[in-house]
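The values are calculated or read from the model by the stated rules, or taken from the named source; none is laboratory data. The structure presented is a predicted model; accordingly, all values stated were derived computationally and were not measured. We place every Cβ from the backbone using ideal geometry, glycine too, and count neighbours over all the protein chains shown. Ligands, DNA and RNA are stripped out before the accessible areas are found, and what is left, the full protein with its side chains, is counted by its heavy atoms. Shrake-Rupley method; radii C 1.70, N 1.55, O 1.52, S 1.80 Å.
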Amino acid sequence: MDMVNITIDGKQVRVPKTATVLEAAKAVGIKIPSLCYHPELRPEGACRVCVVEVAGARGLVASCVYPVSEGMEVRTTTQQVREARKMVVELLLANHPQDCLSCQRNLNCELQTIASDLGIRKIRFDGEKKQCSIDAENPSLVRDQNKCILCGRCIKVCSDVQGMNVYSFANRGFSTTVVPAFNQGLHQVACTYCGQCATVCPTGAIVEKDDTQAVWEALSDPNKHVVVQTAPAVRVALGETLGMAPGSVVTGKMVAALRKLGFDKVFDTDFTADLTILEEGSELIDRLQNGGKLPMITSCSPGWINFVELVYPDLLEHLSTAKSPQQMFGALVKTYYAEKAGIDPAQIVSVSIMPCTAKKAEAVREEMRSSGYQDVDYVLTTRELGRMIKEAGIEFANLPVEEYDAPLGISTGAGVIFGATGGVMEAALRTVAEILSGKELDSIDFNDVRGMDGVREAKILIGDLTVKVAIVNTLSCARKLLEKIRSGEADYHFVEVMACPGGCLGGGGQPIPTYSETRQQRAKAIYECDYTSTIRKSHQNPAVKELYDTWLGKPLGDKSHHLLHTHYKQQNRK
Amino acid sequence: MCDCCGGNHEKKFVQLEAILKKYQGMKGALIPVLQEAQDAYGYLSKEVIEHIGEHLDIPVSQIYGVVTFYSQFHLNPRGRNIIRVCQGTACHVRGGKAILEAVQKQLNIKAGQTTPDLRFTLETVACIGACGLAPVMMVNDDTHGRLTQELIPEILTKYS
Ligand code: SF4
Ligand code: SF4
Ligand code: SF4
Ligand code: FES
């Protein structure tokens, strides 16, 4: 790599020629304050909080977009620089609604942090406030453009990472906003509700729809039996919302906290992840043996399902008909569990804790009422659960470690890895390989399918069949895959797709911030949960076995078909 | 061919098809295509923009961004007569705001809107360079100066 020598605050450094001043400074441990800059997105250079002095340059330069050059001399903390930064932030605050105290991002807001870091104690200007209406017409996300600082991150994550191009800057000058085409609501355009825009937004301008109030009400209603399921990726991330380091595994404390909040039963989505493997695995075997539509593609990520329904409706048949674990769980709670526990399903309130905002929209789909009721009543994100735990005054770090309730809380290591990209594939391979070959696997770690790359491929020998698989995460990569399938170029048998970067562990409902290191740490924690599980194959889950033996019959049977499978249809938003 | 609006789309978009054909494969075609489409249809409807997006392979959100950035583009039908009420400093000092309010009241629309009968579109401008006549408004190419609220109804009757 070509290198150049530059001086930053008197320190001589050698940095790659392609670096920006901000990256160069970061590499030598000098942190330049920034606001619109996000390490994983193309810099916009919009806010000018990151200004520095460069000898010979005209005026101050925005370090996040300014390239280094040989012999450059940079000063990052002069009086002029500090004053300019303050001015920029003061001007932002002058137009900003001053309602931090009641804002969803209070204490986790980059605008607040920068104002605090820069020591702003007075806003010298009284600017006009924007008067944009709030977009809250969809089940997943709420947009409040009055809190937008025009950083452009949502535009880029949605176009560059997700390939959906929902947002753009519109209008100009003071009226500039960041909106979907024709200033429509997200429910009117081709938005997948993945929530990636909410996780990169530095302020409260895009947030998850908060459903905690409804859940509090159910919890305090003595006539309701409130059960909760927790998705695999929540246990390795929830701790971050409560002051713990990324990658902390907090399964047992989370269970204890949910009991303290008043949930009558604390169950695990991992149980239905195992069940998904049996249904989806059987479907794969059926398609392989009876000439069904291949490649078969996983269907657990509702952001991904929305994507296919919106953009590739001609390829819907490739999707497995298996419902997502959340929805299988919902269907079972108000049937199987209600029967077993002798509770009227009308009294059950079924709550799920998900790393995902699209799950909120999935729960209200009209197909998701196979129990005769809405199968899942409320979906809370990891962030919302974190807030409830705080609101209840629970000292999370001091909680004891508790176990899930039986039977819907019993799961395997295969269920938990659903939370990482490649996990559904690996869990399926563990089961499908043993069923197809009739032999126990020597090693159940399929390292080829792990990792974080957007598209990964592997060939797995099962008996005398070479199964070609692919694992995809992010919707921009999913688009490439579907183009290949459409053109007939792809010869895979089975493909796993997750809408979010890194899979659910990088989901749109996960703690903020989420960077690539954060995702790595959460992934490591998920695989740790798998290694330390006593059972690591879905078909060996005793509670799942019992469910089939005593109630459900066999995978793909009548009852399964009715409760655990679904169909898809084109969505016409564009 | 796109599939965005079923059968009669051919007919509806003949002019647009011709414009798109002219710029086919050219870089930077968006702005000229938008200008010509607006000349052809009077304004840029959602359907027209979606059609352009599909053909040039540009996201509709981005085209919307461009269209709203430049004041020359219009997303809604324009009236036969365009009223521009000056809100520049000189007019402001001499009651430009009251004039705007009077026009709004008379037409029952807000600045930026068009009357349902498409007779008038009402806009504001920063300065039209006739400060000596403040407060001023223009209707099409006619300048009306030294306005008072009372003069508004009569002036407007001259335009049909
Ligand atoms: S977005 Fe940040 S600065 Fe704005 S009101 Fe919310 S917490 Fe306060
Ligand atoms: S939820 Fe996803 S698809 Fe929708 S606007 Fe945000 S990033 Fe784009
Ligand atoms: S909505 Fe949020 S992410 Fe998007 S431009 Fe505004 S502040 Fe930035
Ligand atoms: S952080 Fe560099 S311009 Fe915003």
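Brief remarks follow.
- Gap separating the Cα centres of segment B:96-160 and segment A:198-244, nearest whole Å: 53
- For segment A:246-269 and segment A:282-326, distance of Cα centres in Å: 31
- About its Cα centre, segment A:476-574 has a charge dipole of approximately 380 debye under the convention of +1 per Lys or Arg Cβ and -1 per Asp or Glu Cβ, with nothing else charged.
- If R0 is taken as 41 Å, the Cβ-Cβ distance between A:Thr113 and A:Thr534 corresponds to a FRET efficiency of 0.40.
- For the protein assembly as shown, the residue among A:Cys201, B:Tyr41, A:Ala233 whose Cα projects farthest onto the positive side of the dipole built from Cβ charges is B:Tyr41.
- Selection of chymotrypsin sites (Phe, Trp or Tyr not before Pro), segment B:69-114, meeting DSSP coil and at most 13 other Cβ within 10 Å: B:Tyr70
- Taking amide H atoms as placed 1.01 Å from N in the peptide plane, the amide H of A:Cys500 lies under 5 Å from those of A:Thr474, each 5 or more residues away in sequence or on another chain.
- A crude spin-label estimate for the pair B:Asp39 and A:Ile134, with each label 7 Å from Cα along the Cβ direction, gives 4.7 nm.
- Each Lys and Arg Cβ is given +1 and each Asp and Glu Cβ -1; about its Cα centre, segment A:3-91 then shows a dipole of about 80 debye.
- Solvent-accessible surface ranking, highest first, for A:Lys129, B:Lys110, A:Lys156 at 1.4 angstrom: B:Lys110, A:Lys129, A:Lys156
- Within straight-line reach of A:Lys359, meaning a Cα separation under 22 Å, sit the following lysines at least 8 residues removed in sequence or on another chain: A:Lys209, A:Lys265, A:Lys323, A:Lys334, A:Lys569, A:Lys574.
- Semi-axis lengths, Å, segment B:81-157, gyration tensor of Cα atoms, sqrt of 5 times eigenvalues: 19, 12, 11
- Measuring between their Cα centroids, segment A:522-552 and segment A:38-58 lie 49 Å from each other.
- In segment B:81-157, taking the dipole from charged Cβ atoms about the Cα centre, the farthest positive-side position among B:Ala98, B:Ala130, B:Ile83 is held by B:Ala98.
- Prolate/oblate/rounded label for segment A:3-91 (Cα gyration tensor, a/c 1.5): oblate
- Exposure ranking of A:Ser533, A:Ser220 by accessible area [1.4 Å probe, largest first]: A:Ser220, A:Ser533
- Residue-normalised accessible area of the protein assembly as shown, given per residue in Å² at a 1.4 Å probe: 43
- Computed in the context of the full set of protein chains, the accessible area of the protein assembly as shown at 1.4 Å probe radius has 50% of its extent on carbon or sulfur.
- Label-point gap, in nm, between A:Arg259 and B:Asn140 - each point 7 angstrom along Cα→Cβ: 8.2
- Taking each DSSP H run with n ≥ 4 as -39500 (n - 2.57) and averaging over every residue of the protein assembly as shown yields -9500 deg cm²/dmol at 222 nm.
- At R0 = 35 Å, FRET efficiency that the Cβ-Cβ distance of B:Gln72 and A:Lys224 yields, to 0.05: 0.05
- Shape class for the protein assembly as shown, computed from the alpha carbon gyration tensor (a ≥ b ≥ c): prolate, with a/c not under 1.5 and a/b above b/c.
- Chains B and A together bury roughly 1200 Å² of accessible surface, counting both sides and using a 1.4 Å probe on protein heavy atoms.
- Legend: mean number of C-beta atoms from other chains within 10 angstrom of residue C-beta atoms, peptide B:66-72, equals 4.
- Efficiency of FRET from Cβ geometry, A:Ala341 and A:Glu457, R₀ 41 Å, rounded to 0.05: 0.35
- Basic side chains Lys and Arg get +1 at the Cβ, acidic Asp and Glu get -1 at the Cβ, and with that the dipole of segment B:81-157 about its Cα centre reaches some 220 debye.
- Positive minus negative residues near A:Ser301 (Lys, Arg vs Asp, Glu; Cβ under 15 Å): +1
- Legend: residues in segment A:161-193 shielded by at least 20 square angstrom of accessible surface upon adding the remaining protein chains to the isolated chain (1.4 Å probe, heavy atoms) are A:Asn165, A:Ser168, A:Ala170, A:Asn171, A:Arg172, A:Ala181, A:Phe182, A:Gln184.
- Computed from phi, the 3J(HN,Hα) profile of segment A:41-54 under the Karplus parametrisation 6.51, -1.76, 1.60 (θ = phi - 60°) reads 10, 4, x, 9, x, 8, 8, 6, 6, 8, 4, 9, 9, 10 Hz, with x in place of Gly and Pro.
- Ellipsoid semi-axes for chain B, based on the Cα gyration tensor and the rule √(5λ), read 37, 16, 12 Å when sorted largest first.
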